[in-house]
Structures are given as C-alpha cells and as structure tokens.
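Worksheet: one structure, shown below.
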C-alpha cells in the first residue's frame with residue numbers, strides 16, 4: 001500500500017502546483033483567475049476519529065481531550081490550512097463533512113451490542129466536528145473576499161439513507177460487502193478475498209468505506225440537494241454557477 005499524505009502535506013503540494021501554474025500561464029493574475037473558477041473539495045476528519053480518537057489502544061487523545069475539545073482542535077488546524085488554500089487562489093470550496101463513523105461495520109462489530117444499532121457516542125462526537133465545519137463555512141464566506149465555501153452534510157444524507165435504505169436501492173446497511181468476522185467488519189477486505197455478489201445493494205464495501213452505490217447516492221445529493229439539510233448554504237451545482 002502507498003503512504004498517506006497528511007492534509008498539511010497535500011496543501012504544500014497544492015502550493016507547489018500553483019507555483020507551476022503561474023509559470024505556465026505567465027503571471028499570478030492569470031493563475032488567480034483560473035483558480036477562482038475551479039471547485040475544490042476537501043474531506044478530512046474520518047481518520048482522526050476512526051484511527052485516532054476512538055483507538056485508545058494506540059492513541060491517548062480520547063483520554064486527553066473531551067469530544068468538544070478534540071473537535072475544537074481539529075477545526076482550528078483545519079481553519080489554518082483552508083486559509084492557506086484561499087491565499088493560494090481557492091475561492092469555491094466544498095467541505096465534505098464526516099459521515100456516520102459509528103455506523104461503519106467495524107464499529108458495529110466491535111462496539112455495538114447487537115451489531116445493528118449505531119454507536120451513538122461516536123456519532124455524537126463526530127457531529128461536534130461537523131457543526132464546527134458549518135461555522136467555518138459561514139465565517140469564511142463572511143470575512144474572505146470572493147470566497148464561496150459550502151458544507152456537504154454527509155452525516156445527514158447517511159441518516160436519511162439509513163431511515164429507508166430500500167427506497168435508495170439498498171438492502172444491507174450493517175455489513176461490509178467484503179471483510180472478515182462479525183458484520184464483515186472486524187478485519188477489512190483481504191487481498192484475493194471474494195466479495196459479495198450484489199455489492200450495489202450494500203451501503204458499505206468493507207469495514208470502513210461506503211460502496212460505489214452509496215457514494216453515487218451521496219454525490220447526487222451533494223450536486224443537487226434533495227433536502228435543504230443536505231448542504232449549507234448551496235449545493236455543488238449552484239457553487240459551480242457562482
């Protein structure tokens with residue numbers, strides 16, 4: 001597997017790319033005009049909860065921070081890096097909220113009593129972070145000239161899907177299509193493992209990640225909001241027209 005690049009590392013890579021773009025287009029004004037027409041999507045936070053805050057065997061953040069303190073710390077770091085993106089030309093930015101981590105097959109397998117009920121304490125903690133993203137969007141749009149930030153409410157969209165999965169073409173919401181153990185979520189999909197034959201009917205592909213079918217549902221509602229709560233303040237189609 002390849003290594004992960006931190007958000008700060010990705011922002012540094014973006015800064016380098018912008019410098020190259022300036023050279024290609026000839027000057028900073030041309031680059032700024034080009035970048036102002038682009039849509040940037042930024043989705044961060046899932047691993048900070050899945051693979052850090054709620055992983056006490058490896059990290060002590062869960063004991064050092066309350067959920068509110070942890071959300072504040074993440075949001076503060078996030079804000080700094082988004083300001084760098086803005087200073088390097090990003091104007092239309094969609095912040096992708098963190099989904100229902102407490103409903104993933106891994107959390108259901110390890111922390112749900114019946115393997116069906118989502119782990120509320122995890123989802124409550126994640127929602128604290130998402131609430132700060134909404135505030136961040138409002139602040140950027142108010143204070144940064146030319147900024148058009150929006151928030152995609154993955155948590156809310158997933159909640160809507162879970163309330164009526166059949167209406168969204170899904171049949172299995174608490175097990176991975178590919179995985180090992182309880183809920184196919186104790187060990188994620190292994191190399192050469194045979195997945196389920198009907199992946200389009202599953203919400204989750206493996207212990208952590210949604211299927212393509214689920215991502216299509218989310219993508220459609222991010223682009224054209226079905227409910228007012230799907231986005232804040234605008235969907236991606238509207239953002240593109242600004």
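Read-outs throughout are calculated quantities, based only on the coordinates presented, and are distinct from any laboratory measurement. Computed from a predicted model, the values in this text were never measured in an experiment. Here Cβ is always computed from backbone atoms with ideal geometry, including for glycine, and neighbour counts include all displayed protein chains.
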Worksheet item: In percent, what relative contact order does segment 38-241 have, based on Cα pairs under 8 Å that are 6 or more apart in sequence?
Response: 20 percent
Fill in: Highest-fluctuation residue, 107, 19, 201 considered, GNM on the chain with Cα pairs under 10 Å
19
Discussion item. Please report Rg (one decimal) and Dmax (integer) in Å for the Cα set of segment 47-146.
Written reply: 15.7, 50
Worksheet item: Taking the highest mean first, how do the peptides 202-215, 224-237, 25-38 order by number of other beta carbon atoms within 10 angstrom per residue?
Response: 202-215, 224-237, 25-38
Practice prompt. For every helix of n ≥ 4 consecutive DSSP H residues, a contribution of -39,500 (n - 2.57) applies; sum these over the chain, divide by its total residues, and give [θ] at 222 nm rounded to the nearest 500 deg cm²/dmol.
Written response: -14500 deg cm²/dmol
Worksheet item: How would you order 174-180, 48-54 from highest to lowest mean count of nearby Cβ atoms within 10 Å?
Response: 174-180, 48-54
Discussion item. Using a 7 Å offset from the Cα along the Cα-to-Cβ direction at both residue 37 and residue 141, what is the distance between the two label points in nm, to one decimal?
Written reply: 2.4 nm
Worksheet item: Of the labelled options (i) 40; (ii) 45; (iii) 49, which one gives percent of Cα pairs over 26 Å apart as computed for this structure?
Response: (ii)
Worksheet item: Ranked from highest to lowest mean number of other Cβ atoms within 10 Å per residue, what is the order of the peptides 151-163, 184-196?
Response: 151-163, 184-196
Discussion item. What are the extents of the Cα atoms of segment 113-242 along their three principal axes, in Å, largest first?
Written reply: 51, 30, 29
Worksheet item: Over segment 10-140, what is the mean sequence separation of C-alpha contacts under 8 Å (at least six apart), divided by residue count, expressed as relative contact order in percent?
Response: 29 percent
Worksheet item: Between segment 184-200 and segment 98-127, what is the C-alpha centre distance in whole Å?
Response: 19 Å
Response to the item:
Percent of all alpha-carbon pairs of segment 55-106 at distances over 15 Å, whole number, is 66 percent
